[in-house]
Amino acid sequence: MNSAFNDTFTLITGASEGLGKALAIECASKGMNVFLVALPGIELYQLASYIRRKYKVLVCEFETDLSLEMNRITLAGFIKKQQININMLINNAGIGGSVNFDECAFDFFKTQISLNVLATVHLTYLLLPELKKNSRSYILNVSSLCIFFYLVKKQVYGATKSFIHFFSKSLKKELKKDGVTVSVLCPGGMNSNPSFYLLHQMSNWMTRSAAMDPEEVAPVALNGLINGKEIIIPGKWNRVFLFFDKLLPGWLKEKMTARHIKSISAQQIALLLKGKPIAETKNAA
Amino acid sequence: MKILVTGASGYIGNKLTHALAERGHNIHALVRSPSSADLLRHQNIRVFVGDIMDPDSLAVAMKDCRQVYHAAALAKLWDRNRNNFYKINVGGTENVLQAALKEGVSKLVYTSSCGVWAPDEDHIYTENDPRISSFDSDYDLSKYLAEKLVREYCYKGLFTVIVNPPRVYGPGLERYSNAVNRFITQILNKKIIPLPWNLDTKANYTFIDDVINGHILAMEKGLGGERYILGGENISYKKMVDTIAAYSGRKPVFVRIPPAMIQTWAWMELAIAKLSLYEPSFTPRLAKRIQLSKMVDSSKAIRQLGYRITAFEEGMQTTIDHLKSKNYELRFQ
């Protein structure tokens, strides 16, 4: 492993769970040093110690809530002060979920926009001077496949991800001259945590087979980024959906997307994770 | 001292109940079926018919108990209703924890599993390791969620310790969860044994008596909110079948099955199970898992609890003698 001589770091936000965790492991397995940012909690430290022991690379862990502006400034200040050389930035932290617009507290949308949109833009803005110091550097932003489909219950989430998509594509052209490669990842449904795993398992056959594990998505994402792909869509099923989306008539698509996760709500999954069966909660409701 | 054991008619729970009774404790054994009383005949064991899903029966069984061993679980590969895994293993565990907190139990040991970690070819797991890849089984996920709950209750004031046994073998009741004994029985009774293609695949096998001692040691010395791997040796399939063949004196023909064929076979079993009342002996996720290594390290339990590992050969010898002496027949086919 040449990491001892290699002083560059890959910064990954939202690294303690799901895709962020899988990307951290994928990067480390290729001998890259990782700078992991996540919400406070034991999982981040467990992951950091696992990576250190298994892959013998350098690992920094930084606990913070990136939805707050002050924390992003502190993080960038820390990197600058400690002279940590970042040559890859992976803006992965985000809040997902399917909710009805009028049933959700406004604060949820506020946090969602702060984290998905503002944190990505702000962190990119703050760390771009650091990235430019390297002759070649990379930015990976995580959007979503749902930006092509306009699914129900994804209003704000889908809009934040569309923002990321536009932002990345435009920025890519702008930063070409500086040797900074920008890619945008558009994954479909992922089993990123226990509730998503259950949600996909209990959905229809199509959703179930298209759902990917984060550890399947991570290598595709990293390869795409290093090869300079503009937009990365992992999974053959997802590419099939996207292809058919262009061919199918509107009414049929309408029908298909309406069936998407129709029977299970996030609330029911939460109950199930606490050991309460779905059937009973349905009756109770 | 009065001690409650849940799952007292299970493979681990039953042995644990008897081991504790032998030490002179008064054991409250919680079982679902009155017929299980036959398995618990001992002057120090009092059988309580109840269910972890029924908080009232739990409260009755837990009355005046100072310690609780929670070993009850739905320990299966597959269930027609996947909700049952969460209902019983997570919801049932919460019932036990709640009752214990209410009763003022001084310490609770929870029997988890090494299924909370994912297979990994070249990493030896310790207690501090995170879950690396996604869950692919409802059982594993339910155990992971239950562990989270058990740790949460530690903050609520209940002294809890978690133990994680890997694949357990050795003399005991024949139960569905007892896969290694079932495999040995097959070698004793059958002429052709299918094996995975890669015989270097390693897993951890632990002798039942060690697991029982580990539970009791965790109760005596375990630190609050901590987990302890109660493992044995990390052994490859090759070493395992060689050892079993050597000690049993049988020489069946071992046939290595290519991965694609194992997978197809498993999907077929699952398809049949979905269409009939038949319970699959084999599922696609088990097929995937038996072809991947998972190694664990028990040094934390050795260091902090004084846990001891029986040598694999010694444990296997005892197990094979036991299975042979019982004139054991294939009961799982």
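The values are calculated or read from the model by the stated rules, or taken from the named source; none is laboratory data. Since this is a predicted model, take the numbers as computed values, not measurements. Glycine gets a Cβ as well: all are built from the backbone with ideal geometry, and neighbour counts include every protein chain shown.
Numbers at a glance
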read-out	value
Failed item in (1) away from every other protein chain (no Cβ under 14 Å); (2) assigned to a loop (DSSP other than H, G, I, E, B); (3) crowded, with 20+ Cβ neighbours inside 10 Å, with A:Phe35 passing the rest	(2)
Scope region A:96-116; condition within 17 Å of the chain's Cα centre (by Cα), surrounded by fewer than 17 Cβ atoms within 10 Å (Cβ to Cβ) and either part of a helix (DSSP H, G or I) or hydrophobic (A, V, I, L, M, F, W, C) (or both); matching residues	A:Thr111
Qualifying residues in region A:43-76 (those that are closer than 25 Å to A:Phe108 by Cβ and free of Cβ contacts under 8 Å to residues at least 24 places away in the same chain) - the one surrounded by the most Cβ atoms within 10 Å (Cβ to Cβ)	A:Asn71
Number of the exception - A:Gly224 against (1) more than 14 Å from chain B (Cβ to nearest Cβ); (2) farther than 17 Å from A:Leu128 by Cα; (3) surrounded by fewer than 18 Cβ atoms within 10 Å (Cβ to Cβ); (4) not hydroxyl-bearing (Ser, Thr, Tyr)	(3)
Every residue from region B:83-110 that is out of contact with any strand residue (DSSP E or B) (no Cβ under 7 Å at 6 or more places or on another chain), charged (D, E, K, R) and either part of a strand (DSSP E or B) or more than 14 Å from every other protein chain (Cβ to nearest Cβ) (or both)	B:Lys102, B:Glu103
Which listed residue is away from chain B (no Cβ under 14 Å) and assigned to a strand (DSSP E or B), from A:Leu11, A:Leu66, A:Leu75	A:Leu11
Near pairs, Cβ below 8 angstrom, 6+ apart or cross-chain, from region B:11-36 (on the phi > 0 side of the Ramachandran plot) to any residue that is at pLDDT 95 or above and not in a helix (DSSP H, G or I)	B:Gly24/B:Asn44
Any hit, region B:73-82, residues being within 13 Å of another protein chain (Cβ to nearest Cβ), surrounded by 24 or more Cβ atoms within 10 Å (Cβ to Cβ), in a loop (DSSP other than H, G, I, E, B) and touching a residue at least 60 places away in the same chain (Cβ under 8 Å)	yes
Residue check, B:Pro119 surrounded by fewer than 22 Cβ atoms within 10 Å (Cβ to Cβ), of a type outside the set (Phe, Trp, Tyr) and more than 14 Å from chain A (Cβ to nearest Cβ)	no
Residue match in region A:150-163 (condition: in a loop (DSSP other than H, G, I, E, B), among the hydrophobic types (A, V, I, L, M, F, W, C) and more than 15 Å from A:Ala221 (Cβ to Cβ))	yes
Test result for B:Gly92, surrounded by 15 or more Cβ atoms within 10 Å (Cβ to Cβ), on the phi > 0 side of the Ramachandran plot and touching a residue at least 12 places away in the same chain (Cβ under 8 Å)	no
Whichever residue in region A:197-210 is in contact (Cβ under 8 Å) with a residue 60 or more places away in the chain and facing another protein chain (nearest Cβ under 9 Å) and, among such residues, is surrounded by the most Cβ atoms within 10 Å (Cβ to Cβ)	A:Leu198
Condition check for B:Ile52: buried (at least 23 other Cβ atoms within 10 Å of the Cβ), within 11 Å of chain A (Cβ to nearest Cβ) and aliphatic (A, V, I, L, M)	yes
Test: residue in region B:257-276 that is under 30 Å from B:Asn81 (Cβ atoms), free of Cβ contacts under 8 Å to residues at least 24 places away in the same chain and not in a helix (DSSP H, G or I)	yes
